[in-house]
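Undergrad: Dropping the structure in here first, questions after.
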Amino acid sequence: MGRVEGKIAFITGAASGIGAACAKILAREGATVVMADLQDEMGQGVLAEIRDEGGDGHYLHLDVTSEQGWANAMVEVMSKFGELHILINCAGTTHSKSSFPSEAEFDEWRSIVSVNLDGTFLATKHALGAMKKSDPVNGSIINISSVYGMVGLPGIGAYNASKGGVRIYSKSVALSCAQEGVNVRVNTIHPGIIDTPLLQRALSRNPDPEAARMRYDSLQPVGHLGQPEDIAYGALYLASDEAKFVTGAELVIDGGYIAR
Ligand code: NAD
């Protein structure tokens with residue numbers, strides 16, 4: 001038996017990086033994965049890899065900032081699978097450059113908060129509705145925050161604020177579910193610096209990307225960056241019934257980055 005055998009999982013940002021790793025690992029462990037993203041060709045590519053390995057899944061186009069999009073997605077999931085057990089919110093974005101707060105652009109603030117925080121709110125609202133219709137109700141919501149949802153970094157105020165918002169919003173939802181007797185657990189994961197396209201884009205804006213990469217490596221207590229799978233295995237645990245007493249918690253996976 002896989003660790004999430006028979007469960008239906010919805011994963012946003014599943015075309016790339018951490019989301020793609022979550023989709024592959026949950027599928028390997030027996031879940032049917034519904035993958036959502038804006039990058040349809042890449043998403044279909046990840047789905048093809050999952051099917052090649054014998055896994056089961058479905059891909060749909062979804063902009064996580066669209067409430068109508070979420071409503072449609074949940075109709076699609078429930079009509080196709082009839083149940084929803086796991087939601088992993090991986091879709092996320094960050095700053096194109098670091099800026100001093102008095103020079104920060106309000107448009108950039110809005111677009112980062114919209115994807116990272118509004119997207120998590122909409123996901124939770126609509127997926128919880130679907131999870132409550134499952135019989136029996138046995139849900140797990142996993143929100144990918146960041147170590148920068150716990151500690152500040154100069155020049156990335158919108159990212160810090162959005163990820164800090166995801167962290168505390170998740171605790172509120174966890175407590176609401178517990179109080180109402182809704183068997184849905186809600187937890188956050190706080191990745192450190194992980195080698196994904198998001199990071200590679202940030203490095204490529206650097207005059208010397210290789211030197212910047214080595215600098216990032218040297219900043220890690222363990223001496224190297226994390227891999228998307230390091231986060232996906234944490235998500236697998238929280239998604240599985242092994243974590244049935246874990247809610248409102250925050251799982252830091254960062255190679256010791258914020259332990260100092
Ligand atoms: P990534 O860029 O590889 O993947 C992010 C995915 O989200 C992309 O496929 C993108 O198309 C999708 N996406 C963006 N906006 C969307 C929208 N409006 N609707 C639907 N999909 C959308 O990045 P990643 O590093 O895998 O990041 C995944 C999550 O992990 C993000 O929330 C990120 O903030 C968080 N995180 C990453 C790191 C890191 O170092 N890579 C560290 C901490 C937290």
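Undergrad: Please rank ARG185, ARG28, fewest neighbouring Cβ atoms within 10 Å first, as an exposure proxy. Walk me through the numbers before you get to the answer.
TA: Working: ARG185 23, ARG28 18.
The most exposed by this proxy come first: ARG28, ARG185.
Undergrad: With each label point set 7 Å from Cα along the Cα-Cβ vector, what nm distance links GLU210 and ASP241?
TA: 5.2 nm
Undergrad: Under the 0.36 nm per residue contour assumption, what length would be gained going from the current alpha-carbon distance of SER96 and VAL151 to full extension?
TA: Values: separation 55, 0.36 × 55 = 19.80 nm, distance 1.98 nm.
This chain segment gains 17.8 nm when fully extended.
Undergrad: Please build a GNM for the chain, connecting alpha carbons under 10 Å apart, and tell me which residue among VAL137, VAL46, VAL64 fluctuates the most.
TA: Ranking VAL137, VAL46, VAL64 by mean-square fluctuation puts VAL137 first.
Undergrad: Something else: Go ahead and run the numbers for FRET between GLU105 and GLU76, Cβ-Cβ distance against an R0 of 30 Å, rounding to 0.05. Display every interim value, and only then the final one.
TA: Details: r = 35 Å, r/R0 = 1.17.
Using R0 = 30 Å, I get an efficiency of 0.30.
Undergrad: Modelled label-to-label distance, SER176 and LEU203, 7 Å Cα→beta-carbon offset: nm?
TA: 3.9 nm
Undergrad: Can you tell me the 0 to 90 degree angle between the C-alpha axis of helix 40-52 and the longest principal axis of the chain, rounded to 10?
TA: 60 degrees
Undergrad: Identify which of ASN187, ASN206, ASN143 has the largest mean-square fluctuation in a Gaussian network model of the chain, with springs joining Cα atoms closer than 10 Å.
TA: Ranking ASN187, ASN206, ASN143 by mean-square fluctuation puts ASN206 first.
Undergrad: Run the simple label-point estimate for ASP135 and GLN44 please: 7 Å along Cα→C-beta, distance reported in nm.
TA: 3.7 nm
Undergrad: Further question: Mean-square fluctuation check for the chain, GNM, Cα pairs under 10 Å: which of MET150, MET214, MET131 is largest?
TA: Comparing MET150, MET214, MET131 in a Gaussian network model of the chain, the most mobile one is MET214.
Undergrad: Provide GLU250, GLU5 in ascending order of the number of other Cβ atoms located within 10 Å of each residue's Cβ, fewest first. Let's see the in-between values first.
TA: Values: GLU250 16, GLU5 11.
Fewest to most other Cβ atoms nearby, the residues stand as GLU5, GLU250.
Undergrad: With axes computed from alpha carbons, what is the tilt in degrees of helix 209-219 against the longest principal axis of the chain, rounded to the nearest 10 within 0 to 90?
TA: 80 degrees
Undergrad: Then there's this: Tell me the Kirkwood hydrodynamic radius of segment 8-253 in angstroms, computed as one over the mean inverse distance between distinct C-alpha pairs. Walk me through the intermediate numbers first.
TA: On the way: mean 1/r = 0.0549 Å⁻¹.
Taking every pair of different Cα atoms in segment 8-253, averaging 1/r and inverting gives 18.2 Å.
No lab work stands behind these numbers, since they all come straight from the coordinates. What you are looking at is a predicted structure, and each value in this text was computed from that prediction instead of being measured. Methodologically, a virtual Cβ is constructed for each residue, glycine included, from the backbone with ideal geometry; neighbour enumeration extends over all protein chains shown.
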